[in-house]
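Step one of this worksheet: look at the structure below.
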Amino acid sequence: MAKPTSFMEQYKAIRAECKDALLLFRMGDFYETFGEDAVIAARELNITLTARGKDESGEKIPLAGIPYHALDAYLGKLVKAGHKVAICEQLEDPKKARGIVQRGITRIVTPGTIIEPSMLDEGCNNYLAAILQEGEALGLALADVSTGEFMACELLSTGDALSSELAKFRPSEILHPASLKGRSLEAIDCQRAAVQAFSDAAFSKEATGAALERQFGEGWAASSSHTALALRAAGAVLNYLHETHLDAIGHISDLKPYFSGEAMVLDEVTLRNLEIFRNIRDRSAKGSLLEFLDKTETAVGSRTLQRWLALPTLSLETIGRRLNAVEELIASTLAREELKFALDGAGDLERLMGRISCKSANPKDLIALKNTLLRLPQICRSLESSESDLLIDLREELDPTSLDEVVDLLERAISPDPPTSTKEGGAIREGFDQELDRLRAALRDGRSWIADLEAKEREDTNIKSLKVGYNNVFGYFLEVTKPNLSNVPDRYIRKQTLSNAERFITPELKEMEDQVLSAQERSIALEQDLFSSVRFEIAASSQDVQRLARAMGELDVLLSLATVALDRGFVKPRIDRGGGITLRESRHPVLDLAMRGGFVPNDVHLDREKRFMMLTGPNMAGKSTYMRQVALSVIMAQMGSFVPASFASIGLVDRIFTRVGAYDDLVAGQSTFMVEMTELANILNCATVDSLILLDEIGRGTSTFDGLSIAWAMTEYIHSTVKAKSIFATHYHQLTQLARQLPGIVNYNMAVKEEKGSIVFLRAVVPGASDKSYGIHVAKLAGVPNQVVKRANEILSEIEQEMVLDGKTRSRANRYTQLIFFDEGVAAGPDPSPEDPLLDDIRNLDLDATTPMEALNTLSEYQKALKKR
Ligand code: ADP
Ligand code: MG
């Protein structure tokens with residue numbers, strides 16, 4: 001580009017380079033924003049909006065600026081608010097520039113490309129995802145630029161595969177080809193992420209192939225095990241990083257293949273219902289399983305724990321190795337204490353290395369790297385007597401000898417307590433570079449010569465009050481007060497007159513000053529060069545450091561799991577492929593802790609035969625809690641943790657589905673019932689015999705009659721066709737009759753005791769169906785008039801006697817259902833009207849040959865017909 005002749009020309013050219021970003025334009029000590037950008041920046045950052053000059057049409061140009069040293073804080077706010085921010089720097093020293101200072105964009109910061117520690121949550125990964133689709137297949141790549149993690153896979157676009165995958169990693173930014181449409185785009189759009197339509201060309205085979213070769217070397221793709229779609233997604237990520245000027249990414253040294261089939265699937269709804277990462281109430285981490293389990297000492301450990309929790313494995317071997325390691329750590333108090341001590345306060349190796357590769361690491365970062373590497377021998381010593389395979393492997397991976405050279409270089413090159421920036425000088429250690437030492441000596445000599453000058457000149461001139469001073473205009477000077485002026489020698493050159501003193505210089509003083517200033521300038525420039533080359537040299541070890549970081553993260557998680565298991569009295573689960581779940585004295589880990597001993601433990605037993613538990617009991621009896629604790633125990637076991645029980649045996653679960661008949665969704669403006677049915681459809685379509693299905697009060701979103709029918713049909717389908725292990729908590733205690741017809745269904749209920757007309761919750765799960773729904777008790781407690789309560793009891797007992805849905809008595813039952821639910825206006829009493837033809841339709845529905853979608857459509861027709869009456 002030709003050198004711009006005016007500032008405006010330069011600005012416009014740069015502005016055009018980053019159309020969809022907000023541009024921060026460096027001018028001296030400020031980053032300025034102009035025009036539309038200024039209006040946005042002023043609003044988002046709460047800074048003053050002013051105006052500068054006029055544009056072609058004579059309008060004033062809005063302007064808002066932020067001081068350069070506060071960039072990170074402001075940048076963080078802008079990116080968090082969803083803006084893409086381009087940073088334009090001065091590329092030459094303004095003092096030396098001729099004409100307009102050369103400027104250019106050095107970074108475009110987006111939510112998925114942050115490397116600044118102040119903008120990242122240290123315990124969380126920050127993923128950038130790219131997705132493309134071809135036919136039914138999807139390519140998905142995920143990169144965390146701050147840590148160097150990079151992985152890709154291919155999956156099917158059917159069902160909720162994509163949203164489940166995204167729910168695991170919660171990327172902060174998602175890229176897709178501009179041409180992507182349909183369900184996959186919808187799945188992307190409902191993530192809490194910045195979504196970027198990226199050019200189709202950037203996803204092309206050619207462009208992505210070239211990007212991968214640039215990053216991993218020629219011919220790499222051919223020898224990798226990735227599918228073409230996975231590779232293209234990964235290449236698109238690299239292309240995007242390039243576009244944001246993140247080119248120094250040597251720490252992204254490998255693209256890991258990963259298969260969504262290696263981990264248990266926990267979809268978004270399930271993660272939310274089980275409060276894995278956040279609670280349901282205020283969406284914070286408080287009370288979540290993550291918070292409960294996280295006793296890690298390091299940020300790497302905390303991120304590793306999150307990953308384990310999001311991806312409980314399906315590998316018996318991995319689970320076994322982890323459990324054995326946890327068991328061993330539980331047994332050795334000494335090893336635990338030593339490891340805790342060695343890990344506490346360790347630096348974030350992954351992100352330190354990320355910053356080193358991206359050239360943004362400062363001197364303190366390098367010292368943090370060194371100090372963390374120096375902890376390794378202690379960590380390895382603590383693991384010396386380990387016997388479990390995983391701990392032995394980790395000890396080997398944590399062996400520091402491969403990084404001796406790095407430690408040695410850091411030791412020699414960087415001052416032990418350096419400044420944050422290389423601009424101040426003092427980052428490079430004495431003795432590392434001869435030239436630097438010489439410049440520093442010159443600097444010291446010059447300064448001490450000047451410091452000595454005062455005494456020497458006082459003696460020579462006999463002026464006792466003579467002073468040496470410094471200001472920015474003249475540099476060093478000698479100051480003599482008015483009464484002493486007669487004693488000033490001729491060699492002094494007058495520079496400035498003050499009210500009661502005069503200031504002088506001497507040729508020697510100026511010479512020494514030049515020496516000091518040039519030595520200072522040169523030594524800082526040299527230090528910056530040296531620092532950059534040390535940083536560059538260390539970046540070459542990024543792969544080793546990252547391997548180490550990962551090992552350290554795993555060790556930290558194992559230690560955390562051991563600590564929690566010990567504190568809370570957890571048991572080591574037995575894991576197999578038997579398809580059963582047996583828990584004795586099982587507890588809900590989080591509630592058990594919160595209730596300090598008040599929690600009542602319960603047993604669970606499900607297997608391939610008795611696989612469906614119908615759980616009844618009044619509101620507040622503890623049904624939801626019970627189901628959650630079963631799911632949490634399975635997740636914990638498969639991530640390698642001990643579980644809250646006195647005995648646990650768990651057959652690998654490939655996926656957990658939960659569905660709570662919630663009313664919260666009403667707030668989101670969606671029809672609760674539609675949401676509920678869509679999710680049910682998903683469960684029925686995706687669950688396998690190895691899945692665990694937890695249904696909590698399904699059918700609440702519609703009339704009792706609809707709800708009961710759906711629940712009934714669902715139960716039959718899950719029991720006989722899907723055959724997954726299931727627990728169904730329901731207030732339709734009519735469903736308990738199914739246990740008589742279907743061999744895999746067992747009834748349980750939450751025991752309660754009636755005492756003086758009120759209910760006492762025993763919190764115990766006992767065999768059998770609950771005999772009452774207790775709704776009327778609650779009505780009574782709530783102060784509903786006695787007459788109504790009495791009448792309700794009468795009606796209830798009549799219905800209970802007769803509403804047996806086994807064929808013969810159905811029409812009578814129907815009559816009551818109609819009476820109660822559809823014919824509210826009609827006075828009580830037998831209704832002679834003939835049976836509703838709709839009921840016959842329902843009865844004749846062949847559920848085995850009906851897809852959930854068809855069922856939903858049919859239902860909707862019924863509903864329409866009913867509403868018309
Ligand atoms: P339900 O789903 O039957 O309405 P919940 O599972 O929501 O009941 O439980 C209601 C409350 O009962 C919980 O908030 C908890 O305080 C308490 N609770 C549940 N299970 C237990 C238990 N096993 N021991 C002690 N308290 C429990
Ligand atoms: Mg409940």
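Miscellaneous remarks
- Crossing angle, helix 704-717 versus the chain [Cα axis fit, 0-90 degrees, rounded to tens]: 80
- Antiparallel DSSP beta bridges within the chain, percent to nearest 5: 60
- Segment 247-281: trypsin sites (Lys or Arg not before Pro) in DSSP coil with no more than 10 other Cβ atoms inside 10 Å: Arg281
- In terms of distances greater than 22 angstrom between alpha carbons, the cross-link table entries Lys464/Lys495; Lys80/Lys256; Lys96/Lys423; Lys286/Lys340; Lys456/Lys495 yield Lys80/Lys256; Lys286/Lys340.
- Taking Cβ atoms as reference points and 9 Å as the exclusive limit, the residues near Val406 contribute a net charge of -4, counting Lys and Arg as +1 and Asp and Glu as -1.
- Qualifying trypsin sites (Lys or Arg not before Pro) in segment 518-602, DSSP loop, other Cβ atoms within 10 Å at most 10: Arg577, Arg596
- A Stokes-Einstein calculation at 4 °C with viscosity 1.567 mPa s, built on the Kirkwood radius of segment 85-231 over Cα pairs, returns a diffusion coefficient of 76 µm²/s.
- Here is the tail figure for segment 148-247: Cα pairs spaced more than 20 Å apart come to 38 percent of all pairs.
- This model, with +1 at the C-beta of Lys and Arg and -1 at the C-beta of Asp and Glu, gives the chain a dipole about its Cα centre of some 1940 debye.
- Charge dipole of segment 160-302 (Cα centre as origin; +1 on each Lys and Arg Cβ, -1 on each Asp and Glu Cβ, all else neutral): 340 debye, rounded to the nearest 20.
- A Förster distance of 25 Å, applied to the separation of the beta-carbon atoms of Glu396 and Arg307, puts the FRET efficiency at 0.70.
- Just the protein heavy atoms count here, and of the accessible area of segment 200-296 at 1.4 Å, carbon and sulfur take up 53 percent.
- Spread of Cα-to-Cα distances over 20 Å intervals beginning at zero, given as percent, for the chain: 12, 34, 29, 16, 6, 2, 0
- With the whole protein complex present, Ser57 retains an accessible surface near 90 Å², based on a 1.4 Å probe.
- Of the residues Arg608, Arg26, ranked by 1.4 Å probe accessible area with the largest first, the sequence reads Arg608, Arg26.
- Taking Arg659, Arg15, Arg214 and ordering them by how much accessible surface each has at a 1.4 Å probe, largest first, produces Arg214, Arg15, Arg659.
- Within-11-Å neighbourhood charge of Ala202 [Cβ basis; K, R +1; D, E -1]: -2
- Solvent-accessible area of Val600, all protein chains in place: 50 Å² (probe radius 1.4 Å, heavy atoms, ligands and nucleic acids excluded).
- When only the Cβ of Lys, Arg, Asp and Glu is charged (+1, +1, -1, -1), the dipole of segment 585-637 relative to its Cα centre reaches about 140 debye.
- Segment Glu36..Ser421, full-extension length gain: 135.3 nm, with 0.36 nm per residue of separation and the alpha-carbon distance subtracted.
- In the chain, Cα pairs under 8 Å separated by at least six residues give a relative contact order of 9 percent.
- Ile842 exposes around 60 Å² of accessible area when a 1.4 Å probe is run over every protein chain in place.
- Computed from Cα positions, the angle between helix 299-310 and the longest principal axis of the chain comes to roughly 20 degrees.
- Accessible surface of segment 1-113, 1.4 Å probe, proportion on carbon and sulfur as whole %: 52
- Kirkwood Rh, angstrom, segment 274-396 [1 / mean 1/r, Cα pairs]: 16.5
- For segment 485-566, the orientation-averaged shadow of the C-alpha convex hull comes to 13.0 nm² (one quarter of the hull surface).
- With the convex hull drawn around the C-alpha atoms of segment 461-618, the volume per residue stands at 351 Å³.
- Compared with the dominant principal axis of the Cα atoms in the chain, helix 434-461 is inclined by about 50°.
- Highest to lowest packing among 427-438, 30-41, scored as the average C-beta count within 10 Å: 30-41, 427-438
- Summing +1 for each Lys or Arg and -1 for each Asp or Glu among the other residues whose beta-carbon sits under 15 angstrom from that of Phe292 gives +2.
- Using the 1.4 Å probe convention, the accessible area of the chain works out to 46 Å² per residue with neighbouring protein chains retained.
- Candidates Leu410, Ala849, Thr736 compared by Cα position along the dipole of the chain: farthest toward the positive end lies Thr736, with charges placed on Cβ.
The values are calculated or read from the model by the stated rules, or taken from the named source; none is laboratory data. Please read these numbers as outputs of a predicted model, since none were measured by experiment. No Cβ is skipped: glycine too gets one built from the backbone with ideal geometry, and neighbour counts run over all protein chains shown. These accessible areas exclude ligands, DNA and RNA; they are computed on the full protein's heavy atoms, side chains included. Shrake-Rupley method; radii C 1.70, N 1.55, O 1.52, S 1.80 Å.
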